[in-house]
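The values are calculated or read from the model by the stated rules, or taken from the named source; none is laboratory data. Predicted model only: the values in this text are computed from it and were never measured. We place every Cβ from the backbone using ideal geometry, glycine too, and count neighbours over all the protein chains shown. Accessible surface is based on the protein model in full, side chains and every heavy atom, while ligands, DNA and RNA are left aside. Shrake-Rupley method; radii C 1.70, N 1.55, O 1.52, S 1.80 Å.
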Amino acid sequence: MRVAMFSGGRGAAGIARALLGVPGLELSLLINGYDNGLSTGALRRYLPGMLGPSDFRKNLLLHLDPGDPRRELLERRLPAGTTAADLARLADGPLDYRIARELRVFAGRLRAEPDGLDLAGCALGNLVLAGAYLRLGEDFNAAVRACAHTFGSPARLLNVTGGENAFLVALKEDGRVLADEADIVAPQDAVAITGLFLLREPPGPDALSGSPELLARRAATVTPSPEALAAVRDSDLIVYGPGTPHSSLLPSYLTPGLAGAVAESRAAARVFVVNLGGDHDIQGLTATDLVDRTLAYLGDPGNERRTITHVLSRRGGSGGPAVPLGVVERGCWAGARWIGADVEDAGRPGTHDGPRTAEALRAVLGEIPLARAG
């Protein structure tokens with residue numbers, strides 16, 4: 001069975017790990033590289049043209065046990081005062097030669113251009129990805145493939161685009177612009193986000209109050225990843241995974257050609273998984289609002305192409321986007337079947353229990369032939 005799941009950094013990690021444990025299941029994770037926060041943003045500014053590596057780094061951890069030294073390496077945050085020489089010394093230590101190679105490449109760039117990047121707080125895994133990016137001719141997607149191979153990822157990690165650089169901004173209902181991805185995920189007032197845009201360059205002060213037309217004129221040109229489109233078309237199950245909607249998920253759906261790939265997919269089920277926790281970017285939005293936004297961003301606002309066949313939400317409980325009572329009673333929304341299930345992790349409220357959610361997804365797929373036969 002082939003599963004294509006739209007994901008972000010950690011929101012769907014438990015589900016992905018559980019799916020990877022299913023015998024015979026091939027998992028493709030579709031991710032965007034628009035992260036621009038803190039040290040990731042600093043790294044992108046230092047290497048103009050590079051997308052944000054952090055969500056890809058986090059997904060390299062899925063199969064690694066907590067005590068695995070590779071996990072510690074990827075997540076290690078560098079202390080203040082770290083230099084290129086420190087990175088080179090680290091690369092000379094007991095590391096996989098491929099990891100050491102990427103660190104040496106990045107250290108070489110830092111020696112040649114020492115100004116413009118403070119390594120304090122940088123995740124070492126981001127620098128490994130950045131070194132691979134430099135070594136492979138500044139090809140971001142090639143860097144992701146190389147690092148997935150180095151760390152033995154059992155999932156296919158796929159950037160949704162061809163790797164072109166772009167900067168994510170959001171437009172609020174009152175015309176204000178959230179100038180980058182970091183602002184979108186940060187605490188904010190309750191004025192709703194009404195639009196997302198991918199720009200060629202970070203917006204200047206003149207764009208901090210704008211219009212859709214102004215932002216559209218500054219749009220970046222991005223192409224779809226052929227591998228991502230093929231993964232969607234060839235999947236048996238498409239999962240719109242939980243995650244921060246306006247940074248991790250909805251921006252991926254802006255990718256040209258992606259809506260067509262979903263429409264052409266052989267997937268018998270296309271399941272929207274409702275978040276269990278709240279995010280700063282979705283204040284005031286219900287679960288049905290998020291379903292509607294997903295359909296709109298994928299060019300199928302009426303769900304006429306069956307872009308979403310099922311919605312999976314928590315049965316009972318509170319927290320996260322609200323599910324209108326009438327939807328629960330009817331068991332459907334926008335032509336999609338609405339399913340309530342016990343999918344919350346009892347030990348970590350607000351997060352999905354991976355095995356239970358994976359089992360619910362498999363149950364959805366398993367009932368499709370019966371539904372069609374009936």
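Worth pointing out:
- Restricting attention to region 290-300, the residues being among the acidic types (Asp, Glu) and either outside any helix (DSSP H, G or I) or farther than 17 Å from Trp338 by Cα (or both) number 1.
- Reported count of residues in region 162-178, each being open to solvent by less than 30 Å² (accessible area, probe 1.4 Å), assigned to a loop (DSSP other than H, G, I, E, B) and either of a type in the set (Lys, Arg) or modelled with pLDDT of 90 or more (or both), is 2.
- Residue within region 179-192 that is within 20 Å of Leu60 (Cβ to Cβ) and surrounded by fewer than 21 Cβ atoms within 10 Å (Cβ to Cβ) present: no
- Pro242 falls short on exactly one of the conditions (1) touching a residue at least 60 places away in the same chain (Cβ under 8 Å); (2) surrounded by fewer than 24 Cβ atoms within 10 Å (Cβ to Cβ), and that condition is (2).
- Scanning region 15-35 for residues that are open to solvent by 20 Å² or more (accessible area, probe 1.4 Å), within 17 Å of Gly243 (Cβ to Cβ) and either in contact with a strand residue (DSSP E or B) (Cβ under 6 Å, 6 or more places away or on another chain) or not in a helix (DSSP H, G or I) (or both) gives a single hit, Asp35.
- Considering the conditions (1) under 26 Å from Val160 (Cα atoms); (2) open to solvent by 30 Å² or more (accessible area, probe 1.4 Å); (3) among the hydrophobic types (A, V, I, L, M, F, W, C), Val328 is excluded by exactly one of them, (1).
- Meets criteria (under 20 Å from Leu29 (Cα atoms) and of a type in the set (Lys, Arg)) for Arg176: no
- Just so you know, in region 72-86 the residues that are open to solvent by less than 60 Å² (accessible area, probe 1.4 Å) and closer than 21 Å to Leu60 by Cα include one that is farthest from the chain's Cα centre (by Cα), and it is Leu78.
- Residue check for Ala287: of a type outside the set (Asp, Glu) and over 22 Å from Gln188 (Cα atoms): no
- The requirement of being open to solvent by less than 10 Å² (accessible area, probe 1.4 Å) and of a type in the set (Asp, Glu) is satisfied by Glu102.
- Residues in region 301-321 that are buried (at least 18 other Cβ atoms within 10 Å of the Cβ), in contact with a helix residue (DSSP H, G or I) (Cβ under 7 Å, 6 or more places away or on another chain) and assigned to a loop (DSSP other than H, G, I, E, B): Asn303, Thr307, Ile308, Pro321.
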